[in-house]
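Report on the following structure.
We did not get these values from a lab; they are worked out from the coordinates using the rules stated. Nothing here was measured: the structure is a model prediction, and the numbers come from that model. As a convention, Cβ positions derive from the backbone with ideal geometry for all residues, glycine included, and neighbour counts pool all protein chains shown.
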Amino acid sequence: MNELPQQLANGLILGAMYGLIAIGYTMVYGIVQLINFAHGEIFMVGGFGALTVSLWLPEGFSLLAAIPLMIIGGVICSVAVGTAAERFAYRPLRGAPRLAPLITAIGLSILLQQAIWKWYPEAKKDRTFPQFSGDPVHIFGADIQRGDFFLILAAPLCMVALAYYVNKTRTGRGMQATAQDPDTAKLMGINTDRIIVMAFAIGAAFAAVAAVGYGLHNGQVGFKMGFIMGLKAFTAAVLGGIGNIYGAMLGGIVLGVAEALATGYMADVPGMEQFGGGAWKDVWAFALLILVLLLRPQGLLGERVADRA
Amino acid sequence: MTTLLEVEDLRVAYGKIEAVKGISFSVEAGQVVTLIGTNGAGKTTTLRTLSGLLKPLAGKIMFDGQPLNGIPAHKIVALGLAHSPEGRHIFPRLTITENLQLGAYLRDDKAGIEKDIQRAYDLFPILGERRKQAAGTLSGGEQQMLAMGRALMSRPKLLMLDEPSMGLSPIMMQKIMQTISELKAQGTTILLVEQNAQAALSLADQGHVMEVGNIVLSGTGQDLLHDESVRKAYLGED
C-alpha cells in the first residue's frame, strides 16, 4: 500500500492546501512585516462560510454546482474577517513595537476560535462537510478522491491569477513597491493603506479556497482546524522564503510531500521503525523546517535583504 | 512670476525634539531654490514634511494655491509635487523600467508615459542600456539618476531633490549637477537640498542657509556664494 505515486499524490494535495494558506502569511509579512497568527482562523472561518452556503442549498442540489457558491460564501467570510482584523486590530498598532501586533494576532486567533465554537450551530464538534460520491479515480498509479480534484485545479489557477495580478496590474506593481519601500511608495502616489488591505484580502480569499479543499478532503470542518493548518502553512511560508509568493506555494508542496513520504516510508528505514506512520508526521515537518533554517535561513526562494541603498 | 510654493513658519518635531523651528521661504515657478546646511540642520525634515511623509507641528504650506496641511503623501504627488528622497530609495528588486513606470503610477496616458520613459533614457543613456536590470544592481550614481528620472515621471510642477550628490564620485557628482542645470534650462522648478553648497549655490536662483532648524541666511545663489560667513562655514575657506 505504500506505493510512491500514492504518497506523492497525497503529499501534493496536502501541500497545495498548505501553499494556498501560506500565501496569506507571506503577503502580509512581505508588506507590513507582521506574522498574522490569526490567519489559520481566517482559513477556518472560510470553511464555515462555505459550509453555511452548502446548508442553505436545497436537498439534491448538485455539489459540483454548489462549489462555486460555497467558494463565494467562504471567501466573503474570510475576507470580511481578514480585512476587519487589519482595520481594527493591526492598523492602530502600526508603528508599535513588533510584539504588540503579534500578541494581538494570538488573541484574535483565540477569539475567532471561541466565537465559532460558541455561536455557530453545533460547532462544538466537527461538522460534516459535503462530499462527492463515487469511487476514487485511478491515475498515474494513484487513487485520487474525487473531492481532491478541487485542490489540484484550484491551486495552480490561484497561483497563475496571483502572479498575473502582482506582475501585470498597476495595483500589483504598487504592492511590490510597498513591500520594498513603503515611504517611497507613498511618494509615487501609492495609497499604501489600501495596498495593505488588499494583501490581507487576497490572503484571506486564498485561505477560504484552501478551506473548501480541506472540507472536501477531510469530510468535515471544525473550529480547531485553523490551528495546526495555520502552523503548517506558516512553516511552509518560512520554508519557501517568507515574503515570496512563489516560495509559499513551493514551501507548501515540499512540506506536504515530505510529510507524506515520511509517513509512508520512515517505518521502512532500518532503525527508524517506531517513527513511521501518521503520528510522527508533524515531527518530520518541523524537523524539515529546522533543517532548512539552519542551512538556508532565508528559505528556499528567499532573498537576502542586503540591497537597500 | 507666480509663487508655486509658500512655506510659512513651519515647525516639525520628532516626539519632543523640534527639528524644524519655524522656517519661511517660497519658490517661484521656474526657479531653482536651494536649502544648504550641515547634517541635522532640518533640510531633509523640511522636504519630508512638504511631501506629506511627516506631519508638521505648526505652520502653513501653500502649494499651487492650495494648502497641503493634512493631505496624505500619496495625494500630494497628484497635485504636482515630486520628491526624490535622500539616499535615493529606488525599488531595488524591480527593473529600471518598472521603477520609472512607478513614478507615473497615477497617470493613465500610456503613450505619454512611454514618451517620458524614453525622455528619461535620453537624459540618462545608461538607464536605457540597462532598462531590464534590477535597480539594486546599479551603482550609486546610476541609482541617483534613476531616482531623479522616476520623480520626473509624474510630470511635477515642483521637483524636490534631496542630496542628489551624496556619496557620489566627483565625476558622477558633476554629471548630476549638470543634469540639474539642464532641467533648470528646460524650465523645471526645483527645490534642491544639498550639502555640497558650492555646487548648489552656483546654479540656484535663491538659497537659504539652515542651521539647527532655522533659516539663518537667505539670498540669491550668487550673493550667498560670495558671502563671507557662508564661504567660511560651508565652502571650507579660512
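Listed values, structure above:
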read-out: Distance (nanometres) between label positions extended 7 Å along Cα→Cβ at B:LYS60 and A:ARG146; value: 7.5
read-out: Principal-axis tilt of helix B:110-123 within chain B, Cα atoms, nearest 10 degrees; value: 70
read-out: Order of A:LYS224, A:LYS281 under a 10 Å beta carbon neighbour criterion, fewest first; value: A:LYS224, A:LYS281
read-out: Structure-based [θ]222 nm, the protein assembly as shown - -39500 (n - 2.57) summed over DSSP H runs of at least 4, per residue, nearest 500; value: -17500 deg cm²/dmol
read-out: Cβ-based exposure ranking for B:LYS60, B:LYS175, in which fewest neighbours within 10 Å come first; value: B:LYS60, B:LYS175
read-out: Table column - 3J(HN,Hα) (Hz), segment B:90-97, Karplus curve with 6.51, -1.76, 1.60, x for Gly and Pro; value: 6, 8, x, 9, 9, 6, 4, 4
read-out: At R0 = 60 Å, FRET efficiency that the Cβ-Cβ distance of A:ASP268 and B:SER169 yields, to 0.05; value: 0.40
read-out: For chain A: rounded, prolate or oblate by the Cα gyration tensor [a/c cutoff 1.5]; value: oblate
read-out: For the protein assembly as shown, convex hull of alpha carbons as volume per residue, Å³; value: 190
read-out: Relative contact order %, chain A, counting alpha carbon pairs below 8 Å whose residues are six or more apart; value: 34
read-out: A:ARG173, B:ARG231 arranged by Cβ crowding within 10 Å, fewest neighbours leading; value: B:ARG231, A:ARG173
read-out: Spacing of the two label points (7 Å from each Cα toward its C-beta) at B:SER139 and A:LEU63, in nm; value: 6.5
read-out: Gap separating the Cα centres of segment B:153-194 and segment A:131-184, nearest whole Å; value: 45
read-out: Sequence-distant lysines (8 or more away, or on other chains) whose Cα lies within less than 17 Å of B:LYS184; value: B:LYS157, B:LYS175
read-out: R0 of 56 Å, Cβ-Cβ distance B:SER202-A:LEU293: FRET efficiency to nearest 0.05; value: 0.55
read-out: Proximal aspartates and glutamates relative to B:LYS115, as straight alpha-carbon distance under 17 Å, when same-chain residues fewer than 8 apart are discounted; value: B:GLU98, B:GLU129
read-out: Partners for A:LYS124 among lysines (Cα-Cα distance below 18 Å; same-chain residues under 8 apart left out); value: A:LYS224
